[in-house]
Amino acid sequence: MEACMLERPNADLQRQEVIALEKEAARAIQLRDATFFRRVYSDDFTGVLSRGQNVDKPSFIAVVQAPEIKYESFTASDIKVRLYRDVAVATSTWSMRAVFRGQRMSSQMRVLHVYLYGAAGYHVVAAQTTLLPPYLELPL
């Protein structure tokens, strides 16, 4: 009952918070910085990478920190957020330029993140990544 009586943050502010988290995630990937994912991804996070690989929080962080890829740029754009009580669903386009196993490449992916709002703010609980054509072999 207490949760129902607490004043909810403004919906526009909630959307802006999620948009900021989406942009921060892209920056963290570019920098191969696991700190963001340890803080924002829930301990029971589950995701699917662009090649269909299932990941949990530790395995996703391992992919982000993979030494065989060096990101030159990694951005999130076209970010849309829908709010449902304590859940936010964000879709975006990830665009990247990188050197992977010595080869220059660029790619785009559509990404869906499911956030759960709790006492510590939003945490990502689930994700789905879909590679857009042309299809390249990527770690994410």
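The values are calculated or read from the model by the stated rules, or taken from the named source; none is laboratory data. All values derive from a computational prediction rather than experimental measurement. Cβ coordinates were reconstructed from backbone atoms using ideal geometry, including for glycine residues, and neighbour counts include every protein chain displayed. Just so you know, the surface numbers come from the protein's heavy atoms only, side chains and all, with ligands and any DNA or RNA stripped out. Shrake-Rupley method; radii C 1.70, N 1.55, O 1.52, S 1.80 Å.
Among the residues of the stretch 96-116, what is the count of those that are open to solvent by less than 30 Å² (accessible area, probe 1.4 Å) and small (G, A, S)?
Going through the stretch 96-116 one residue at a time, the tally reaches 2.
For the stretch 117-129, check the following and say yes or no: at least one residue is among the small types (G, A, S), touching a Gly at 6+ places or on another chain (Cβ under 6 Å) and open to solvent by less than 50 Å² (accessible area, probe 1.4 Å).
Yes - at least one qualifying residue is present in the stretch 117-129.
For the list (1) under 22 Å from A11 (Cα atoms); (2) loosely packed, with under 13 Cβ neighbours inside 10 Å; (3) of a type outside the set (V, I, T), I need the number of the one condition that L83 fails.
Tallying (1) under 22 Å from A11 (Cα atoms); (2) loosely packed, with under 13 Cβ neighbours inside 10 Å; (3) of a type outside the set (V, I, T), L83 fails exactly one: (2).
Go through the stretch 43-54 residue by residue and tally those that are within 12 Å of the chain's Cα centre (by Cα) and either farther than 14 Å from T129 by Cβ or open to solvent by 30 Å² or more (accessible area, probe 1.4 Å) (or both). So that I can check it myself, show each step before the final result.
Of the stretch 43-54, the ones within 12 Å of the chain's Cα centre (by Cα) are 45-49.
Add one more test, that the residue is either farther than 14 Å from T129 by Cβ or open to solvent by 30 Å² or more (accessible area, probe 1.4 Å) (or both), and what stays is 46, 48.
Of the residues in the stretch 43-54, 2 are within 12 Å of the chain's Cα centre (by Cα) and either farther than 14 Å from T129 by Cβ or open to solvent by 30 Å² or more (accessible area, probe 1.4 Å) (or both).
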